[in-house]
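Engineer: Dumping the structure here so I can ask a few things about it.
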Amino acid sequence: MTASTKPGKLAVRAYQVGFGDCLLLSFAYPDRERHVLVDFGSSGLPENAGAGLIKRVANDIADRCHGKLDAVVVSHRHLDHLSGFATSNNPKRPAPGDVIRSLRPAVVVQPWTEDPDAATDATKPTAILHRKLAFVAGLGAMQGFAESLLRELHLLRRTMGKRLADQLAFVGEQNLKNLPAVQNLMTMAQDTQAYVHFGSRSGLESVLPGVKVRVLGPPTVEQSDEIRRERDTDENEFWHLLGADGRAVATRGHGTFRRAASWPAGTVPRHARWFKRRLAAVRSDALLELVRALDEAMNNTSVILLFEAGGKKFLFPGDAQIENWAYALSRPDVCQQLRDVLLYKVGHHGSLNATPKSLWALFRNRSPSPRPGRLQTILSTKAGKHGSSQNKTEVPRKPLVHELQSQSDLFTTQSLSAKTLYRDFEFEL
Amino acid sequence: MATPLSPRTRTLTVIAQDPSVLRPDGNILTARVEVPAERLAPGPWGHRVHVIDYDASTGRLYRPRTDAADRDPYEHVRDASRLLDDPCFHAQNCYAVAMSTLARFERALGRRVSWGFSGHQLKVAPHAFLDANAFYSRRDEALMFGWFHSDTGPVYACLSHDVVAHETTHAVLDGLRERYTDPSSPDQAAFHEGFADVVALLSVFAMPEVVAVALGARPGPRRDVLPRSALTPDALRRSALLGLAEQMGRQLQNVRGAALRRSALLEPDRRLYRAPEYLEPHRRGELLVAAMMNAFVQVWAARLEALREIQRGCLDRERVVQEGADVADRLLTTAIRALDYAPPVDLQFGDYLRGLLAADREDQPDDRRYLCRDALERTFRAYGIDPAAETSAAGRRSWLLRPGGVDVEGTHFASMQHEPDEVFRFVWQNRELLELSDDAYTRVLSVRPCTRVAGDGFVLHETVAEYVQILDLQPDELRSLGIRRPAGMPDDLSVTLYGGGVLVFDEYGRLKLHVSKSVRDAEEQSVRLAYLAAHGGLRGPGARRFSALHRRRNLARIERPAERW
Ligand SMILES: [Zn+2]
Ligand SMILES: [Zn+2]
């Protein structure tokens with residue numbers, strides 16, 4: 001391999017976007033730098049950030065890469081990873097997504113679940129294609145459910161606490177369809193739209209010579225089956241029932257039994273009042289449970305990329321949680337490859353099961369005290385948006401943050417002042 | 001039949017299994033169930049069950065019928081849409097199935113049964129929300145059934161006999177054994193689910209209408225007879241168990257799981273009980289269901305062998321159906337009575353099997369007629385569940401039959417039948433004999449006199465009392481008791497150990513049986529703590545446990561607490 005086909009340095013720029021991810025990887029080759037943007041979105045801006053933050057980040061990306069991106073990786077379809085790709089209809093006031101589009105990335109990498117042709121692979125038996133299709137349709141149904149949930153939330157708001165309502169709204173909005181951004185990404189790549197899965201090519205081979213990029217997730221339907229023996233209740237079918245289309249949308253006064261007699265709104269007989277309140281509370285809790293479940297399912301479509309250059313390894317798992325990781329971690333060869341990771345982008349903003357303990361235990365570069373070659377961790381997050389410490393589901397999860405702090409060089413975007421846009425990390429390769 | 005069978009009961013029309021199970025003429029298969037006669041208020045609103053038809057997703061509160069206090073307005077309705085489109089029929093359906101399930105428990109146990117909360121009336125919401133879920137909630141004193149749209153129209157969980165019976169069983173079992181929802185072992189976590197399915201399915205098979213449909217209508221000249229080749233245990237497994245499973249509404253599979261289908265398809269294998277995938281509560285519960293339903297077809301087939309042929313090689317179809325329903329009903333009684341012989345805490349499937357065998361022996365001292373005991377023991381063992389030993393590994397007597405040396409000094413027979421304080425005095429006086437722990441908190445949970453009719457027609461009077469022992473410990477105290485401290489257990493976490501027992505007194509007030517789990521059984525407590533530590537259960541269960549449990553079944557989620565922070 002000649003010197004010009006190998007990078008000598010990697011710079012990672014972690015932007016402060018609040019609750020979301022935005023990371024720019026710049027590989028320095030002898031002739032020029034090559035830039036890969038990994039995710040760009042936010043669903044909760046940092047305090048005092050000002051409304052134009054995402055646009056400022058987009059402009060900074062444009063500056064940093066001198067008007068040309070080599071690749072964009074979008075780990076999964078959540079708002080906090082792709083809201084920055086949304087375009088505007090107004091050419092005079094371009095949105096962040098228009099800025100990124102103007103950087104003409106050669107390659108766009110997304111999970112296989114985003115592939116519009118997911119179910120037309122002629123080499124696969126129809127049963128598997130059918131399952132694949134059902135899986136993708138299930139994701140669509142979940143987003144349909146998120147929509148109807150937000151409508152129902154509007155009705156229930158009065159009967160529930162503000163904290164619960166905020167949680168529901170936050171997770172619900174995360175899971176909406178985000179169409180402008182999704183459509184922008186579908187047509188953005190100059191050369192290659194890569195839809196990847198565990199073990200597939202990453203699509204980055206042509207733009208990053210001399211860098212090995214392994215795809216460790218998401219697993220395909222068949223791969224998931226390998227580690228799961230029994231399946232007779234089907235999650236996709238469940239989501240299909242709850243939200244396949246607008247029929248499931250519940251609105252006050254409509255639903256089932258249109259002609260049946262019911263009490264006029266506001267005239268609840270005394271004997272039913274206690275129970276009516278309880279049932280409303282049960283419903284709010286159930287909605288939260290459902291929306292969390294669908295949030296997790298979407299997180300588990302995250303692309304997990306392991307970059308290796310000059311013998312150093314950099315791990316970007318998006319929001320993958322344990323169910324996504326389970327397949328990769330079931331393979332001894334992959335566990336071996338993960339041992340000497342040098343940089344770990346903390347999964348899912350530091351939630352309780354997106355840095356599986358068995359993954360964390362593999363990292364050999366952990367150490368209780370600073371030393372050269374110590375594991376570097378980057379946590380892009382904003383506390384108080386997701387989960388609650390009462391249920392031990394807060395994001396970022398405190399015991400995890402404590403572990404990251406004591407065993408690695410932890411950087412969290414929350415440590416930046418309101419005026420600081422990013423922090424750079426450099427690695428000699 | 002418009003007049004009640006007897007003045008103590010009345011009959012109400014229900015959907016026999018669910019709206020997908022049809023009569024040969026294509027109408028929905030309905031049945032009439034017997035419920036205790038009572039003066040109902042509109043709801044229906046009775047002394048134990050109160051239907052409140054509020055839908056939290058749409059904000060509608062449906063009005064109940066006001067004209068149905070003592071009649072069955074749906075007796076002659078054949079038109080499916082008049083049943084499906086009328087929320088008041090749904091309300092009646094829930095009321096009748098819940099009430100008949102409760103009555104079934106009371107009949108088997110020979111005493112009144114309380115719900116798992118302090119009130120008397122279980123609230124039932126037939127259309128609680130738009131969700132493919134149904135559950136019992138102790139905190140809300142209620143059963144809640146969801147509804148949802150499918151490609152073929154709306155689907156209502158409250159119209160499925162097995163779903164309503166399942167949820168009612170959770171509520172009844174919670175009243176009988178309040179500590180079975182404690183975090184303990186994979187078996188105890190699975191028991192509520194498996195037992196609820198067992199009761200639901202046996203209740204359904206105890207209806208001859210359903211058995212007839214499950215066996216499938218054979219058109220043609222020989223429709224009144226069945227060949228012997230169709231009546232072997234294996235053939236019945238395929239025709240009756242799988243047959244009904246296939247007819248059940250498919251859309252409800254997310255709500256009810258697939259226990260019946262699996263009980264027909266799951267080949268017996270002793271390794272399953274120890275297999276990692278059978279540690280998930282809903283999966284593990286299916287083992288219990290499979291063992292029970294296979295015992296059902298075994299006993300049924302054995303009974304048919306003894307029947308006279310009406311043609312060469314053929315049995316009367318009607319008779320085959322009736323035998324099936326009888327056997328299901330008998331096993332249901334045994335399944336319920338076994339609870340009285342099961343320890344009140346830390347239940348293992350083997351303890352329950354031992355209880356089943358004891359309940360059956362009590363009822364039918366001679367097993368030659370029904371062959372139930374033999375079939376139960378065989379099928380449970382075939383799935384890896386062996387009856388619990390009478391002495392635990394640590395040498396404690398967990399099954400003490402008619403012990404000598406009982407001290408009854410100062411206790412009064414009459415009070416012993418209903419007063420917890422009197423029974424506590426008995427427990428305290430005999431703490432050595434009963435092998436109780438001195439330093440644990442001890443409480444008598446219930447004392448219930450029962451009147452049961454045994455299989456031979458004799459009336460049996462017994463008193464059943466239940467007590468628990470609770471020991472709160474700091475992690476560093478475990479070692480002195482010989483209990484292994486699980487790896488990674490935080491120092492600041494106090495641990496609670498449970499023990500307890502059931503005391504059965506005969507009609508003369510003599511202690512007949514003591515079934516117990518010792519709070520100081522080092523081996524069993526070590527195993528329990530290790531399991532809880534590995535499964536995140538040391539800090540206790542969340543509220544609305546059944547909602548969460550059923551949701552995991554919905555989504556086929558596997559819990560991996562060891563991977564969490
Ligand atoms: Zn995210
Ligand atoms: Zn259940």
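Engineer: I'd like to know if region B:75-88 contains one or more residues that are surrounded by 21 or more Cβ atoms within 10 Å (Cβ to Cβ) and within 11 Å of another protein chain (Cβ to nearest Cβ).
Structural biologist: Yes, some residue in region B:75-88 is surrounded by 21 or more Cβ atoms within 10 Å (Cβ to Cβ) and within 11 Å of another protein chain (Cβ to nearest Cβ).
Engineer: Now for a different question. If you take the residues in region A:260-286 that are in a loop (DSSP other than H, G, I, E, B) and more than 7 Å from chain B (Cβ to nearest Cβ), which one is nearest to A:SER388 (Cα to Cα)?
Structural biologist: A:GLY266
Engineer: Also, I was wondering about something else. Please determine whether any residue of region A:204-227 is in a loop (DSSP other than H, G, I, E, B), away from chain B (no Cβ under 14 Å) and surrounded by fewer than 16 Cβ atoms within 10 Å (Cβ to Cβ).
Structural biologist: Scanning region A:204-227, I find at least one residue that is in a loop (DSSP other than H, G, I, E, B), away from chain B (no Cβ under 14 Å) and surrounded by fewer than 16 Cβ atoms within 10 Å (Cβ to Cβ), so the answer is yes.
Engineer: Sticking with this one: Any idea how many residues of region A:329-363 are part of a helix (DSSP H, G or I) and either within 13 Å of chain B (Cβ to nearest Cβ) or closer than 16 Å to A:HIS76 by Cα (or both)?
Structural biologist: Total satisfying the criteria: 9.
Yes/no matrix, rows are residues, columns are (1) assigned to a helix (DSSP H, G or I); (2) within 16 Å of B:VAL164 (Cβ to Cβ); (3) touching a strand residue (DSSP E or B) at 6+ places or on another chain (Cβ under 9 Å):
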| site | (1), (2), (3) |
| --- | --- |
| B:ASP197 | yes, yes, no |
| B:LEU201 | yes, yes, no |
| B:VAL204 | yes, yes, no |
| B:ARG262 | yes, no, no |
| B:PRO268 | no, no, no |
| B:GLY285 | yes, no, no |
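Engineer: Which pairs have Cβ atoms under 9 Å, sit 6 or more apart or on different chains, and link a residue in region A:354-375 that is of a type in the set (Val, Ile, Thr) to one that is in a loop (DSSP other than H, G, I, E, B)?
Structural biologist: Final answer for the pair search is A:THR355/A:PRO317; A:THR355/A:VAL346; A:THR355/A:ARG397; A:THR355/B:TRP565.
Engineer: If you don't mind, another one. Quickly run through region B:483-497 and pick out the residues that are under 27 Å from B:ARG431 (Cβ atoms) and either hydrophobic (A, V, I, L, M, F, W, C) or crowded, with 20+ Cβ neighbours inside 10 Å (or both).
Structural biologist: B:ILE483, B:VAL495, B:LEU497
Engineer: If you take the residues of region B:195-213 that are of a type in the set (Gly, Ala, Ser) and surrounded by 24 or more Cβ atoms within 10 Å (Cβ to Cβ), which of them is nearest to B:HIS282 (Cα to Cα)?
Structural biologist: That would be B:ALA196.
Engineer: If A:ALA320 satisfies all but one of (1) part of a helix (DSSP H, G or I); (2) under 19 Å from A:TRP360 (Cβ atoms); (3) within 16 Å of ligand 1 (Cβ to nearest atom), what's the number of the condition it fails?
Structural biologist: Looking at each condition in turn, A:ALA320 falls short on (1).
Engineer: Shifting gears a bit: Quick one: which of B:VAL124, B:VAL164 is in a helix (DSSP H, G or I), crowded, with 24+ Cβ neighbours inside 10 Å, in the same structural domain as B:PRO19 (by TED's automatic domain parsing) and away from ligand 1 (no atom under 16 Å from the Cβ)?
Structural biologist: None of the other options fit; the residue is B:VAL164.
Engineer: Here's something else I'd like to know. Enumerate the pairs (first residue in region B:139-154 and more than 7 Å from chain A (Cβ to nearest Cβ) and farther than 12 Å from B:ALA128 by Cα; second residue anywhere and surrounded by 17 or more Cβ atoms within 10 Å (Cβ to Cβ) and modelled with pLDDT of 95 or more) with beta-carbon separation below 7 Å, excluding pairs fewer than 6 apart on the same chain, so at least 6 apart or on different chains.
Structural biologist: Short answer, once both residue conditions are applied: B:GLU141/B:LEU122; B:GLU141/B:LYS123.
Engineer: Sticking with this one: Pull out all pairs, ordered by first then second residue, where Cβ-Cβ is under 9 Å, the residues are six or more apart or on different chains, the first lies in region B:524-542 and is closer than 24 Å to B:ARG139 by Cα, and the second is among the hydroxyl-bearing types (Ser, Thr, Tyr) and at pLDDT 70 or above.
Structural biologist: Every condition considered, the pairs that remain are B:LEU532/B:SER184; B:LEU532/B:SER185; B:GLY537/B:SER184; B:GLY537/B:TYR531; B:GLY540/B:THR496; B:PRO541/B:THR181.
Engineer: Does any residue of region A:291-300 turn out to be assigned to a helix (DSSP H, G or I) and closer than 24 Å to A:ARG158 by Cβ?
Structural biologist: For region A:291-300, residues assigned to a helix (DSSP H, G or I) and closer than 24 Å to A:ARG158 by Cβ: present.
Engineer: Determine if region A:367-376 includes at least one residue that is closer than 23 Å to A:ALA297 by Cα and of a type outside the set (Val, Ile, Thr).
Structural biologist: Scanning region A:367-376, I find no residue that is closer than 23 Å to A:ALA297 by Cα and of a type outside the set (Val, Ile, Thr), so the answer is no.
Engineer: Scan region B:206-229 for residues that are at pLDDT 90 or above and either within 16 Å of ligand 1 (Cβ to nearest atom) or in a loop (DSSP other than H, G, I, E, B) (or both) and report the count.
Structural biologist: Final tally of qualifying residues: 2.
Engineer: Filter region B:372-399 down to the residues that are surrounded by fewer than 19 Cβ atoms within 10 Å (Cβ to Cβ) and closer than 21 Å to B:ASP326 by Cα and list them by number.
Structural biologist: B:ASP374, B:ARG378
Engineer: Suppose the filter is more than 15 Å from ligand 2 (Cβ to nearest atom) and polar (S, T, N, Q); does B:THR152 pass it?
Structural biologist: yes
Engineer: Moving on to the next point. Any idea which of (1) within 16 Å of ligand 1 (Cβ to nearest atom); (2) in contact (Cβ under 8 Å) with a residue 60 or more places away in the chain; (3) not hydroxyl-bearing (Ser, Thr, Tyr) is the one A:VAL72 doesn't satisfy?
Structural biologist: (1) is the only condition that A:VAL72 fails.
Engineer: Identify the single condition in (1) part of a loop (DSSP other than H, G, I, E, B); (2) out of contact with any strand residue (DSSP E or B) (no Cβ under 8 Å at 6 or more places or on another chain) that A:GLN405 does not satisfy, given that it satisfies every other one.
Structural biologist: Among (1) part of a loop (DSSP other than H, G, I, E, B); (2) out of contact with any strand residue (DSSP E or B) (no Cβ under 8 Å at 6 or more places or on another chain), the lone unmet condition for A:GLN405 is (1).
Engineer: Conditions first: (1) under 30 Å from B:VAL453 (Cβ atoms); (2) within 16 Å of ligand 2 (Cβ to nearest atom); (3) of a type in the set (Gly, Ala, Ser). B:ALA128 passes all but one, so which condition is the exception?
Structural biologist: (1)
Engineer: Name the residue, out of A:PHE238, A:PHE257, that is at pLDDT below 95, within 8 Å of chain B (Cβ to nearest Cβ) and assigned to a helix (DSSP H, G or I).
Structural biologist: A:PHE238
Engineer: Considering region B:1-38 alone, what residues qualify as being at pLDDT below 90 and among the acidic types (Asp, Glu)?
Structural biologist: Of everything in region B:1-38, just one residue is at pLDDT below 90 and among the acidic types (Asp, Glu), namely B:ASP25.
Engineer: Further, regarding this structure: Across region B:180-214, what is the number of residues that are away from ligand 2 (no atom under 15 Å from the Cβ) and either polar (S, T, N, Q) or assigned by TED's automatic domain parsing to the domain that holds B:TRP115 (or both)?
Structural biologist: 2
Engineer: Here's a follow-up. Considering only region B:72-95, state which residues are part of a loop (DSSP other than H, G, I, E, B) and either under 31 Å from the mean Cα position of the chain (by Cα) or within 21 Å of B:LEU61 (Cα to Cα) (or both).
Structural biologist: Hits for region B:72-95 are B:ASP72, B:PRO73, B:TYR74, B:GLU75, B:ASP85, B:ASP86.
Engineer: Looking at B:ARG381, B:ARG354, can you tell me which residue is assigned to a helix (DSSP H, G or I), within 18 Å of B:VAL504 (Cα to Cα) and in contact (Cβ under 8 Å) with a residue 40 or more places away in the chain?
Structural biologist: B:ARG354
Engineer: Then there's this: Which ones in region A:13-24 are crowded, with 24+ Cβ neighbours inside 10 Å, assigned to a strand (DSSP E or B) and not aromatic (Phe, Trp, Tyr)?
Structural biologist: Passing the criteria: only A:CYS22.
Engineer: Yes or no: B:PHE191 more than 16 Å from ligand 1 (Cβ to nearest atom) and part of a strand (DSSP E or B)?
Structural biologist: Considered against the rule, which asks whether it is more than 16 Å from ligand 1 (Cβ to nearest atom) and part of a strand (DSSP E or B), B:PHE191 comes out as no.
Engineer: Criterion first (at pLDDT 95 or above, in the same structural domain as B:ILE52 (by TED's automatic domain parsing) and crowded, with 24+ Cβ neighbours inside 10 Å) does B:LEU143 satisfy it?
Structural biologist: When the stated conditions are applied, B:LEU143 passes them.
The values are calculated or read from the model by the stated rules, or taken from the named source; none is laboratory data. Note that this is a predicted model, so its numbers are computed, not measured. Methodologically, a virtual Cβ is constructed for each residue, glycine included, from the backbone with ideal geometry; neighbour enumeration extends over all protein chains shown.
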